[in-house]
1. Quick one: how many residues across the stretch 93-111 are in contact (Cβ under 8 Å) with a residue 12 or more places away in the chain and open to solvent by 70 Å² or more (accessible area, probe 1.4 Å)?
2. Tell me, which helices (runs of 4 or more DSSP H) wholly within the stretch 156-210 include 3 or more residues that are more than 24 Å from ARG15 (Cβ to Cβ) and open to solvent by 80 Å² or more (accessible area, probe 1.4 Å)?
3. Out of curiosity, is ARG21 away from the ligand (no atom under 12 Å from the Cβ) and within 13 Å of the chain's Cα centre (by Cα)?
4. Among the listed residues ARG32, ARG67, which satisfies the condition of being in contact with a Cys (Cβ under 9 Å, 6 or more places away or on another chain), of a type in the set (D, E, K, R) and either surrounded by 14 or more Cβ atoms within 10 Å (Cβ to Cβ) or assigned to a loop (DSSP other than H, G, I, E, B) (or both)?
5. Please enumerate the residues belonging to the stretch 146-159 that are without any contact (Cβ under 8 Å) to a residue 60 or more places away in the chain and more than 9 Å from the ligand (Cβ to nearest atom).
6. Kindly provide the set of residues from the stretch 54-64 that are within 6 Å of the ligand (Cβ to nearest atom) and not in a helix (DSSP H, G or I), ordered by number.
7. Filter the stretch 65-98 down to the residues that are within 17 Å of the chain's Cα centre (by Cα) and within 11 Å of the ligand (Cβ to nearest atom) and list them by number.
8. Could you please let me know if GLU46 is over 28 Å from SER97 (Cα atoms), open to solvent by 50 Å² or more (accessible area, probe 1.4 Å) and in a helix (DSSP H, G or I)?
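The values are calculated or read from the model by the stated rules, or taken from the named source; none is laboratory data. Just so we're clear, the structure is a prediction, and the values are computed from it rather than from any experiment. Note that each Cβ is placed from the backbone with ideal geometry, even for glycine, and that neighbours are counted across all protein chains shown. With ligands, DNA and RNA removed, areas are computed over all heavy atoms of the protein, side chains included. Shrake-Rupley method; radii C 1.70, N 1.55, O 1.52, S 1.80 Å.
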Amino acid sequence: MFGPPGSGKGTYASRLFEGLRIPHISTGDLVRQEIKNGTGIGKEIEGYSKRGELVPDDIIIELLRKRISPSDCSGGFILDGFPRTVPQAKALEKITSIDVVINLDVPDEIIIERLSSRLTCKSCGEIFNKRFLKPKVEGVCDKCGGQLYTRDDDKPEVIQERLNTYRRQTKPLLDYYKERNLVENVRNTEAAVPPEKIVKQILDIIKARK
Ligand code: ADP
């Protein structure tokens, strides 16, 4: 799943699991897990994440490598938030091959609107929104009952920095994948489109490519 922060990578990836039955791997969740657990790596990467910058390639590649080695990934997986740089893409090629890059194409105004009202589950990482994707019970995760919170990097001053980081370091990667004929574009210009509608579109693309 490729696209700027707030384009819906995590929201759709967690629902794609229902149709594809392969794990959803979010490197953002892996990063937050390390920070929450206070590991050595967590302490090293906390600052980058808080400022909206990318974590150094070697660290993130190692976290991903560890996550995709267990047997639950042998039948495939959905990557959300990885790769974000060309060196990460090259490292990924050494570990596995990818079938398709779903590019979530969403205008900046919508992204800022969504991220400034996003809520995330402290326990399982599921994503909600105060305005566009409300949980059934305020402040409580529909999926696991965990507590919902506003991520440190969903604060307005950090959102802009994350968009800059995306444009500078991650967007160029799209050309890399276009040259390899892997990119499928999914454009969405509304803030409150039902996730199921986009998920269906993505599943149709995947079926058609098989
Ligand atoms: P977003 O909503 O911005 O896509 P994520 O939850 O995917 O956010 O990631 C949160 C933070 O974790 C990023 O701002 C970055 O610091 C770090 N991170 C996640 N994935 C990567 C990656 N592939 N490379 C470097 N840093 C990453």
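1. So the count comes out to 1.
2. Numbers: elements: 156-165, 172-179, 195-209.
The helices (runs of 4 or more DSSP H) meeting that bar are 156-165, 172-179.
3. On the way: away from the ligand (no atom under 12 Å from the Cβ): yes; within 13 Å of the chain's Cα centre (by Cα): no.
So ARG21 fails the test.
4. ARG67
5. GLY146, GLN147, LEU148, TYR149, THR150, LYS155, PRO156, GLU157
6. LEU54, VAL55
7. Within the stretch 65-98, LEU79, ASP80, GLY81, PHE82, PRO83, ARG84, THR85, GLN88, ALA89, LEU92 meet the criteria.
8. Yes.
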